[in-house]
Amino acid sequence: MRIEAVNLKFAYGEKTVLDGVSFRLAAGSLCALIGPNGSGKTTLLKILSSVLKPARGRVLLDGRPLGSFAPRELARTLAVVSQGGDAGYLFTVEELVSMGRAPYLGRFQSETASDKEIVRQVLELTGCLYLKDRLVSRLSGGERQRVSIARALAQQPRVLLLDEPTSHLDIGYQREILDLLKQLNMAEGMTVVAVLHDLNLASYFAGTLFLLNKGKIEAAGPPSEVVTAEHIASVYRTGVLVTPHPVLGTPHVFLLPVQRGLNSRKNYRVHVLAGGGSAGELLRDLAEAGYDVSAGVLNVGDSDWEAARALGLPVVEEAPFSPISPARHAENLSLVREAKAVILAEAPVGHGNILNLQAATEALRGNTPLFIMEERPARPRDFTGGEGERLLRALKQNGGRVINEKARLYRALRELNSGDQLNQLQNLPGLTVDQERVV
Ligand code: ADP
């Protein structure tokens, strides 16, 4: 069934919540309404289901004004699953789902065999048959949600409207419910409109998205046109990275780290020797905690490089997949010398980046605390035929402090900052690395 909204306006008292909302949704669409909290999604859904009357504008189903449907006729055309599912605590699942047949029964008529069969079918379709004798009050959130969908389906509607059908459900149940809706849409051509909170689920699931913002439709169309970094940044006011889903190609949204802690700046430089995706989280945590973080040497395109760039950190960068050149190594050494602490991330070591280990020796040489991250020591990460391991051992023997947990690192850095600094430095033995072997 085709749905059209023409110039809808709605206000709760003085507060205008929807203004100038117009769209056309083709019959058999699978549509998700997305948008920030308070953008008007639930209100729009309530107008589409005739629960609320718009102050201006109208809704048409297959060209016919919503207002011209008698209540029973509307209930046979359109069903609603509201947030959190149906109350109906005093009833059994079967009784609640049978209520979906009410629009088909005469005033004093009880259910016919065919009504009972329809109830059985929808219980089966939604995986609720085994629950039929259970009280609704005894159901889990996921079960209650499925039962509500069964009750709506018992109405045999041509349009199904759902308000956050997957909220509070774990990923397994979310998937089950969305797959069920997709199946109903594809097999029966049912028009489905669902408010969804999760942008990735919405892109995964729906063919059409409406992005609401402050009571207006900001963008409408297929996920690839609606879920863009620009739209998301402007509507949700947060920087995101949108990349294609690795299997489906639909847009997938990732939060990007932002540099916070500017008010609690610790004002000292921490240099992170990283690479190979070993330090994204570390860089973010340090930057958020207010350290003045630099990183090197990172290959352009590496996810550590992406993280450093997103955080706006000074970084020594090398061309993609290229070994560290002498010039970049020299730059890295200067950042090591400027730092008050150096962290060697748990990166894989190959011939291309072994100079990062050598840069770590520069920290010890300058009596700068060196923290060597080893959260998963059993993991093989030396791909140089032994040279990397030998260098690491030398760093540990000559004062590099092995850290097996990020929390310990953060504690050690805080201590450095809080006047214990002198003690810390005195406790660290000076550099006695055999230069012949190390460099
Ligand atoms: P969304 O579903 O996008 O979170 P809603 O449609 O629920 O948005 O709400 C839109 C705006 O209307 C919000 O600012 C909300 O506080 C307000 N609102 C919702 N319901 C009522 C109500 N019954 N009375 C007054 N204001 C309401």
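Quick notes on this structure:
- Highest mobility in the GNM of the chain, judged by mean-square fluctuation with C-alpha springs under 10 Å and restricted to 28, 100, 67, is found for 67.
- Test item: Cα-centred dipole of the chain, Lys/Arg +1 and Asp/Glu -1 on Cβ, debye: 1280 debye
- GNM flexibility winner over the chain from 34, 403, 177 (Cα, springs under 10 Å): 403
- Under 5 Å between amide hydrogens, built in the peptide plane, is the criterion, and for residue 268 it picks out 292 among residues at least 5 positions away or on other chains.
- Top of 350, 13, 280 by mean-square fluctuation, Gaussian network on the chain, Cα under 10 Å: 13
- MRE, 222 nm, helices only [DSSP H, n ≥ 4, -39500 (n - 2.57), over the chain, to nearest 500]: -10500 deg cm²/dmol
- Each other residue within a Cβ distance under 13 Å of residue 171 adds +1 if Lys or Arg and -1 if Asp or Glu, for a net charge of -3.
- Theoretical FRET efficiency, 1/(1+(r/R0)^6), r = Cβ-Cβ of residue 327 and residue 406, R0 25 Å, to 0.05: 0.20
- Considering only alpha-carbon pairs that sit under 8 angstrom and 6 or more positions apart, the relative contact order computed for segment 263-438 is 19 percent.
- Its residue count N fixes a reference of 2.2 N^0.38 Å for segment 3-255, and the Cα radius of gyration divided by that reference is 1.02.
- Amide H contacts under 5 Å for residue 316, placed H, 5+ residues apart: 295, 296, 298
- A simple spin-label model places pseudo-atoms 7 Å from Cα toward Cβ; at residue 379 and residue 121 they are separated by 5.3 nm.
- Of all lysines in the structure, the ones whose alpha carbon falls short of 25 Å from that of residue 216, not counting any fewer than 8 places away in one chain, are 9, 15, 41, 46, 53.
- The slack in the chain from residue 7 to residue 68, taken as 0.36 nm per residue of separation less the alpha-carbon distance, amounts to 20.1 nm.
- Simple spin-label estimate for residue 254 and residue 60 gives 4.5 nm between the two label positions (7 Å along the Cα-to-Cβ direction from each Cα).
- Linear extension gain, residue 351 paired with residue 229, 0.36 nm per residue minus alpha-carbon span: 40.2 nm
- Förster-model FRET efficiency, 41 Å R0, residue 90 and residue 26, C-beta, rounded to 0.05: 0.50
- Whole-Å distance, taken between Cα centres, linking segment 60-95 and segment 281-339: 57 Å
- The chain: antiparallel DSSP beta bridges as a percent of all, rounded to 5: 40 percent
- DSSP assigns beta bridges within segment 3-255; of those with both partners inside it, close to 60 percent run antiparallel.
- Distant-in-sequence amide H partners of residue 252 (H built 1.01 Å from N, under 5 Å): 243, 245
- Local electrostatic count, residue 352, Cβ distance below 15 Å [Lys/Arg +1, Asp/Glu -1]: -4
- Given charges at beta-carbon only (K, R positive; D, E negative), |dipole| of segment 3-255 in Debye: 680 debye
- By the equivalent-ellipsoid construction on the alpha carbon gyration tensor, the chain comes out with semi-axes of 60, 23, 19 Å, ordered largest to smallest.
- Placing unit charges on the Cβ atoms of the charged side chains and taking the dipole of the chain about its Cα centre, the candidate lying farthest along the positive direction among 229, 54, 361 is 54.
- Normalised contact order of the chain, rounded percent, pairs of Cα under 8 Å and 6 or more residues apart: 12 percent
- Once the mean of 1/r is taken over each pair of separate Cα atoms and inverted, segment 263-438 shows a Kirkwood hydrodynamic radius of 16.0 Å.
- All alpha carbon pair distances within segment 89-182 were sorted into 5 Å bins beginning at 0; the resulting P(r) in whole percents reads 3, 14, 25, 24, 20, 9, 4, 1, 0.
- Segment residue 417-residue 99, length gained on full extension (0.36 nm per residue, minus Cα span): 107.8 nm
Laboratory data are not the source of any read-out in this text; all were calculated from the coordinates shown. A quick note: this is a predicted structure, and the numbers were derived from the prediction, not measured. Counting neighbours? That spans all protein chains shown, and the Cβs are built from the backbone with ideal geometry, glycine included.
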